[in-house]
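The values are calculated or read from the model by the stated rules, or taken from the named source; none is laboratory data. From a predicted model like this one, the values you see are computed outputs, not experimental measurements. Using ideal geometry, Cβ is built from the backbone for each residue, glycine included, and neighbour counts are taken over all protein chains shown.
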Amino acid sequence: MTQTSEKTVGEIAAEYPAASRVFEKHHIDYCCGGKRSLIDACRVAGTAAEEILEELAGATGEDRDWNSAPIADLVREIVERHHVWLHSELPLIDHLFALVGHSHAETRRVQRVFSQLKTEIESHMGKEERFLFPAILEMDALRAAGKPIPRPPFGTIRNPITMMEHDHQLAIQYLDEIRDLTYGYDLPEDACHGLRMVYRELEALEADLHRHIHLENNILFPRVADWERV
């Protein structure tokens, strides 16, 4: 990885898909914080950049290179893999909280933050599925046919993209608050089976949203925004 330390973590994760696993392991923000250089991101995470570079050099995986994939495939990956999973996972976590009950003040606080996150994500996905993604796919089809792209009703594609990026930042703030409230998903010694399930699913939700937001912020949105610069 030539000059990897000088690149942003978003660029690294976009160019080397297996890098996202390394970043997740060390809690390095590569989605909304993807514009930081690797050195700065490591400093924020309290991790040695040399250690991360060594792990990145040996990282392997089967993830697809979404930088060169057709836009339609990338949108399909986001919707059919991440959105579909979230549409089932969010109600599941809600149900698990109801089973656990309100026996602990800490659990009640986590549940309140999760409810805010759930509302935000569901609204966000609706806006993408109804408006932004159809507009992107239409623009992509016109480009493929060699036809000019008309000015969208929202002025420029960057306007809804900016809104989606703001939503992503809010979602990450909620995830960070949940991680803080759960002490990094560190279960109490007397945790019941239900609470263990809640923590497990919340941690899975965090990892999936990081990957999901990365695909949009660091790959899909920059590729689409470039169309209007041509």
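Note on the range 45-73: residues that are within 15 Å of GLU6 (Cα to Cα) and part of a loop (DSSP other than H, G, I, E, B) total 1. A residue that is assigned by TED's automatic domain parsing to the domain that holds LEU90, assigned to a loop (DSSP other than H, G, I, E, B), touching a Leu at 6+ places or on another chain (Cβ under 9 Å) and within 26 Å of ASP63 (Cβ to Cβ) occurs somewhere in the range 182-202. The residue that is surrounded by the most Cβ atoms within 10 Å (Cβ to Cβ), counting only those in the range 4-29 that are hydroxyl-bearing (Ser, Thr, Tyr) and over 15 Å from the mean Cα position of the chain (by Cα), is TYR16.
Within the range 167-206, track down each residue that is closer than 20 Å to PRO91 by Cβ and among the basic types (Lys, Arg). Of everything in the range 167-206, those that are closer than 20 Å to PRO91 by Cβ and among the basic types (Lys, Arg) turn out to be ARG196, ARG200. Residue count for the range 30-44 satisfying the condition of being crowded, with 17+ Cβ neighbours inside 10 Å and part of a helix (DSSP H, G or I): 3.
Filtered by the rule that a residue be more than 15 Å from SER123 (Cβ to Cβ), of a type in the set (Asp, Glu) and touching a helix residue (DSSP H, G or I) at 6+ places or on another chain (Cβ under 6 Å), the range 166-191 gives a lone residue, GLU177. Each residue in the range 128-153 was checked for being of a type in the set (D, E, K, R) and over 26 Å from HIS212 (Cα atoms), and 2 pass. Kindly evaluate GLU80 against the criterion of being assigned by TED's automatic domain parsing to the domain that holds LEU181, exposed (fewer than 13 other Cβ atoms within 10 Å of the Cβ) and charged (D, E, K, R). Yes, satisfied. Of the residues MET164, MET139, the single one that is in contact with a Lys or Arg (Cβ under 8 Å, 6 or more places away or on another chain), farther than 20 Å from SER115 by Cβ and in the same structural domain as GLU106 (by TED's automatic domain parsing) is MET164.
Considered as a group, the residues in the range 179-230 that are closer than 30 Å to PRO70 by Cβ and of a type in the set (Gly, Ala, Ser) include one that is farthest from the chain's Cα centre (by Cα), and that residue is ALA225. No other residue among HIS27, HIS87 is of a type outside the set (Ser, Thr, Tyr), farther than 17 Å from ASN218 by Cβ and outside any helix (DSSP H, G or I) apart from HIS27. Screening the range 109-158 for residues that are of a type in the set (Lys, Arg) and touching a helix residue (DSSP H, G or I) at 6+ places or on another chain (Cβ under 9 Å) and picking the one that is farthest from VAL224 (Cα to Cα) gives ARG109.
Taken over the range 150-181, the criterion of being touching an Asp or Glu at 6+ places or on another chain (Cβ under 8 Å) and part of a loop (DSSP other than H, G, I, E, B) is satisfied by THR156, ILE157.
Return a yes/no flag: does the range 48-69 have any residue that is closer than 22 Å to GLU165 by Cβ and in contact with a strand residue (DSSP E or B) (Cβ under 8 Å, 6 or more places away or on another chain). Scanning the range 48-69 turns up no residue that is closer than 22 Å to GLU165 by Cβ and in contact with a strand residue (DSSP E or B) (Cβ under 8 Å, 6 or more places away or on another chain). Please find, among GLU128, GLU77, GLU122, GLU106, the residue that is of a type in the set (Asp, Glu) and at pLDDT below 95. Answer to the check: GLU106.
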